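The values are calculated or read from the model by the stated rules, or taken from the named source; none is laboratory data. Bear in mind the structure is a predicted one, so any value in this text is a computation, not a measurement. Cβ placement follows ideal geometry from the backbone for every residue including glycine, while neighbour counts extend to all protein chains displayed.
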Amino acid sequence: MNNILNSRFVMDNLTTACQVRNSLDKEFMTLLAKWDEKDLQILILRKGSEPLKGEICIKNLLQPAGNFSRTDEQYLEDIKRELAGEDEGVEFSIKVNTFQWKKKAWKRGLIECQHVNNIVVFSDLVMNFLTCCLNTENNTLNMRMENNNLRIRSEELERTLNRMIEAKNHMEEELYKKLIVLLNSKKKKNRELKTKVECRSAIYDQSTDESETEFAKIQDNSISLNIEDPRVEFHKSVACKTHNLCKNESYSLEGLDGSNNESDESFVLKFSQSPSQEAPDGKITRIHITDQHSGDDLFSD
């Protein structure tokens, strides 16, 4: 059976109100809890009965925390949730002005209560709780309005962000296309320049071995011609000049043997006017003629 009525009021983090079922008489009662730094105050309203007021120290309330393997902070949060009616597994009961609650077989807390006979005290308690409730409602309304404004603002920012993302993506796409075109043009220009450089390098890097070989052959041929031809001309000139010399010699000898009255001096003059031999190097050298028949020098005594 449900021990907690759906009508719960969370006024703030320190004040709560809810309707719970008394497990003894099965009647609903209103439970109000007010927390401060050191104490917990409760107010219980029942049908046909005087209000009950209870108070307990936080330190005493946290004594059973070790039995449940919970820290003080964790156990305190659990108690706040239970007294706010947020845990449906908790049973509440009032017996002889003692308010307690348990979860299954485990007792969670116990508070001694007193009847409130003075109407002034009761009215003050009710006024205090109503003030807290009113402040909570105002705060809740303000927070709802602020939440709506923030949600609207968030939606506007989200739409703006989406537009900016779309614009960014479009701009990146356009820049990427332009970059691709620019890179392709640069690559093409680089290839053209590289081709020109390679062609120009090929002209200067051609092998000159063949031309050097031909030039060497031409030089060899010219050297051979310069060496061989003078030898031939030298022999020819020597033969011709020897023949002429023989003629001149015979002519001179005939003159000597005949009736010619020319003196030896004229013979020497004629002989000195005879042709000279030209050496292959272009120098003129005088031929020394000897008497081949007698083996004696013509100018010897």
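Filter the stretch 64-106 down to residues that are polar (S, T, N, Q) and closer than 16 Å to Leu31 by Cβ and give me whichever is modelled with the lowest pLDDT.
Asn97
Need pairs with beta-carbon distance below 9 Å; first residue farther than 19 Å from Cys113 by Cα and free of Cβ contacts under 8 Å to residues at least 40 places away in the same chain and within the stretch 53-69, second among the β-branched types (Val, Ile, Thr) and surrounded by fewer than 13 Cβ atoms within 10 Å (Cβ to Cβ); sequence gap 6+ or separate chains.
Ala65/Thr71
Which one is farthest from the chain's Cα centre (by Cα) among residues in the stretch 95-122 that are under 22 Å from Lys59 (Cα atoms) and surrounded by 18 or more Cβ atoms within 10 Å (Cβ to Cβ)?
Among residues in the stretch 95-122 that are under 22 Å from Lys59 (Cα atoms) and surrounded by 18 or more Cβ atoms within 10 Å (Cβ to Cβ), the one farthest from the chain's Cα centre (by Cα) is Cys113.
Looking for whichever is of a type in the set (Asp, Glu), closer than 19 Å to Ala33 by Cα and part of a helix (DSSP H, G or I) here; the options are Glu137, Glu172. Which one fits?
Just one listed residue meets the conditions, Glu137.
Test Glu112 against the criterion of being of a type in the set (D, E, K, R) and in a helix (DSSP H, G or I), and give yes or no.
When the stated conditions are applied, Glu112 does not pass them.
Which one of Thr195, Thr136 is in contact (Cβ under 8 Å) with a residue 12 or more places away in the chain and of a type in the set (Ser, Thr, Tyr)?
From the options Thr195, Thr136, the qualifying one is Thr136.
Counting only residues that are at pLDDT 85 or above and among the acidic types (Asp, Glu), which one in the stretch 38-60 is farthest from the chain's Cα centre (by Cα)?
Filtering first and then ranking leaves Glu55.
List every residue pair whose Cβ atoms lie under 8 Å apart, where the two residues are 6 or more positions apart in sequence or sit on different chains, the first residue falls within the stretch 100-124 and is among the basic types (Lys, Arg), and the second residue, located anywhere, is exposed (fewer than 12 other Cβ atoms within 10 Å of the Cβ).
Lys103/Gly89; Lys104/Gly89
Give just the number: which of (1) in contact with a strand residue (DSSP E or B) (Cβ under 6 Å, 6 or more places away or on another chain); (2) part of a loop (DSSP other than H, G, I, E, B); (3) not basic (Lys, Arg) does Ala33 not satisfy?
Result: Ala33 fails condition (2) only.
Residue-by-condition table, conditions (1) at pLDDT 80 or above; (2) under 60 Å from the mean Cα position of the chain (by Cα); (3) loosely packed, with under 12 Cβ neighbours inside 10 Å:
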residue: Asn6; (1), (2), (3): no, no, yes
residue: Val10; (1), (2), (3): no, yes, no
residue: Leu14; (1), (2), (3): no, yes, no
residue: Cys18; (1), (2), (3): yes, no, no
residue: Leu24; (1), (2), (3): yes, no, yes
residue: Leu62; (1), (2), (3): yes, yes, no
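Taking Ile79 as meeting all but one of (1) in contact (Cβ under 8 Å) with a residue 12 or more places away in the chain; (2) within 22 Å of Glu37 (Cβ to Cβ); (3) surrounded by fewer than 14 Cβ atoms within 10 Å (Cβ to Cβ); (4) within 60 Å of the chain's Cα centre (by Cα), write down the number of the exception.
All conditions pass for Ile79, except number (3).
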